[in-house]
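Undergrad: My questions all concern the structure below.
The values are calculated or read from the model by the stated rules, or taken from the named source; none is laboratory data. Just so it is clear, the structure is predicted and the values come from calculations on it, not from any experiment. FYI the Cβ positions are ideal-geometry reconstructions off the backbone, even for glycines, and counts take in every protein chain you see.
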Amino acid sequence: MYLRVLRGSGARCSHTLSFPMPSQSPTLGDCPNCHTDISRHSLLIEYDTTDGPAAYAECPDCRDVVHPT
Ligand SMILES: [Zn+2]
């Protein structure tokens, strides 16, 4: 186990170090097919493009591999 020192972490939660989480919403977005919320749990792959970060995930509803919006 390793602990990462977060830049500018300040004094909050000084006694509890949680996992460094990206400051994003807990969902990846909506399924473009059925508009179900797709959680990060369903993430298959995440990558950067010239237009910004992109991800593919399996929709929990229609079971399709989609690009969350
Ligand atoms: Zn879907």
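Undergrad: Please go through region 45-69 and give me each residue that is of a type outside the set (S, T, N, Q), exposed (fewer than 11 other Cβ atoms within 10 Å of the Cβ) and assigned to a strand (DSSP E or B), ordered by number.
TA: I45, Y47, D48, G52, P53 - these are the residues of region 45-69 that are of a type outside the set (S, T, N, Q), exposed (fewer than 11 other Cβ atoms within 10 Å of the Cβ) and assigned to a strand (DSSP E or B).
Undergrad: Right, here's the next one. Return the residue satisfying two criteria in turn: it lies in region 37-69 and is of a type in the set (S, T, N, Q) and touching a Leu at 6+ places or on another chain (Cβ under 8 Å), and of such residues it is farthest from the ligand (Cβ to nearest atom).
TA: S39
Undergrad: Among what's in region 17-36 and is surrounded by fewer than 10 Cβ atoms within 10 Å (Cβ to Cβ) and modelled with pLDDT of 65 or more, pick the residue that is farthest from the ligand (Cβ to nearest atom).
TA: Among them, the one singled out is S18.
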